[in-house]
Amino acid sequence: LIWPLPALFAWSLGWALFAIARLLDAPLIVAIGVGAAAVAALGVVGGRFGATFGSTPWRRVFIALGFPLSLAASGLASGMPAWGWLLPLGLLALVYPISAWRDAPLFPTPSGALRGIAKLAPLKAKARVLDAGCGLGNGLRELHDEYPDADLHGLEWSWPLRIACALMCRYATVRRADIWGADWSGFDMVYVFQRPESMPRAAEKAMSEMRPGAWLASLEFDVKGLAPTQVLECADGRRAWLYRIAQQAR
Ligand SMILES: C[S@@+](CC[C@H](N)C(=O)[O-])C[C@H]1O[C@@H](n2cnc3c(N)ncnc32)[C@H](O)[C@@H]1O
């Protein structure tokens with residue numbers, strides 16, 4: 001869908017659900033919650049389908065905010081208590097806990113981005129692979145395509161994302177945990193798609209915990225000052241930086 005059609009579609013859905021809930025005599029706050037939750041879900045889950053919905057984080061923010069803002073402007077929500085407007089913020093904080101923003105908010109690995117990684121970073125059969133900060137599981141899906149017999153794991157700080165990811169990636173073990181507090185020593189590969197600022201910490205953790213021969217793979221963001229063992233040129237022009245632990249100074 002060409003932008004802003006996804007936003008118009010999402011807002012119309014929010015309004016339609018709001019109107020239906022009100023026709024069914026639902027309390028105002030419930031009607032708003034239903035509309036806002038549907039729009040937010042479209043913005044978040046829609047990211048899983050690439051460019052169809054909210055192809056950038058800012059577009060997803062526009063999608064999520066459009067319905068409550070237009071409702072406030074319409075005056076139809078004037079009966080709602082002031083605290084009710086905190087509801088969307090509460091939902092947002094649940095999906096995107098502030099601590100997760102420090103590393104990276106949800107931004108999924110694009111479809112096909114990791115194609116070819118298994119050739120550059122081959123793993124033994126049943127290798128243990130972790131997506132650290134797995135979001136909705138897009139990275140796990142790409143890893144599953146490349147390493148079909150791998151023992152896949154995902155860690156995610158946001159409860160709703162962790163639940164959605166576990167439902168969508170049945171082939172992986174998904175837990176709610178802080179990637180920095182988790183033990184990486186048992187993994188043959190740790191995949192991250194975080195932020196440039198998180199990379200020194202990820203490299204330090206990988207090198208102090210992971211065994212020689214294991215891999216740290218990072219989509220888009222490299223570790224400054226550390227030569228990658230391999231570089232994957234992704235189909236969309238990004239790069240994935242592959243660091244083999246044995247080759248780095250430990
Ligand atoms: C850019 S997204 C990448 C999602 C997924 N790895 C993918 O590639 O599709 C980063 C994810 O890491 C999660 N995250 C950020 N910091 C985290 C932390 N300290 N512990 C666990 N998850 C974290 C965020 O909630 C978000 O879902």
Conditions (1) in a loop (DSSP other than H, G, I, E, B); (2) free of Cβ contacts under 8 Å to residues at least 40 places away in the same chain: number failed by Trp184
(2)
Is there a residue in segment 215-224 that is out of contact with any strand residue (DSSP E or B) (no Cβ under 9 Å at 6 or more places or on another chain) and open to solvent by 30 Å² or more (accessible area, probe 1.4 Å)?
yes
Name every residue in segment 131-162 that is open to solvent by less than 40 Å² (accessible area, probe 1.4 Å), within 10 Å of the ligand (Cβ to nearest atom) and among the hydrophobic types (A, V, I, L, M, F, W, C), in order of residue number.
Ala132, Cys134, Leu136, Leu140, Leu143, Leu155, Leu161
Candidates Gly181, Gly137, Gly154 - the one that is at positive phi and modelled with pLDDT of 85 or more:
Gly137
Please tell me if Gly84 is part of a helix (DSSP H, G or I), of a type outside the set (Val, Ile, Thr) and at pLDDT below 75.
yes
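Taking the residues in segment 163-175 that are in a helix (DSSP H, G or I) and open to solvent by 70 Å² or more (accessible area, probe 1.4 Å) as candidates, determine which candidate is farthest from the ligand (Cβ to nearest atom).
Of the residues in segment 163-175, the ones in a helix (DSSP H, G or I) are 163-168.
So of that shortlist, the ones also open to solvent by 70 Å² or more (accessible area, probe 1.4 Å) come out as 163, 167.
Working: Ile163: 12, Leu167: 15 Å.
Across segment 163-175, the extreme among qualifying residues is Leu167.
Yes or no, residue by residue, for (1) open to solvent by 30 Å² or more (accessible area, probe 1.4 Å); (2) of a type in the set (Val, Ile, Thr):
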residue: Ala177; (1), (2): no, no
residue: Ala182; (1), (2): no, no
residue: Val192; (1), (2): no, yes
residue: Pro200; (1), (2): yes, no
residue: Ser208; (1), (2): yes, no
Given Trp215, Trp184, Trp180, which one is within 14 Å of the ligand (Cβ to nearest atom) and closer than 27 Å to Gly112 by Cβ?
Trp184
In this structure, is Val30 assigned to a helix (DSSP H, G or I), at pLDDT 85 or above, open to solvent by 30 Å² or more (accessible area, probe 1.4 Å) and among the β-branched types (Val, Ile, Thr)?
yes
Output the residue which, of all residues in segment 91-130 that are open to solvent by less than 30 Å² (accessible area, probe 1.4 Å), part of a loop (DSSP other than H, G, I, E, B) and within 12 Å of the ligand (Cβ to nearest atom), is modelled with the lowest pLDDT.
Ala104
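Got a sec? Which of Leu226, Leu242 is at negative phi and in a strand (DSSP E or B)? Show your work before the answer.
On the way: Leu226 fails: in a strand (DSSP E or B).
Leu242 is the lone residue from the list that is at negative phi and in a strand (DSSP E or B).
The values are calculated or read from the model by the stated rules, or taken from the named source; none is laboratory data. Bear in mind that the values here come from a model prediction, so they are computed numbers and not experimental data. For neighbour counting, all protein chains shown are included, and Cβ atoms are generated from backbone atoms with ideal geometry for every residue, glycine included. Side chains included, ligands, DNA and RNA excluded: accessible areas come from the protein's heavy atoms. Shrake-Rupley method; radii C 1.70, N 1.55, O 1.52, S 1.80 Å.
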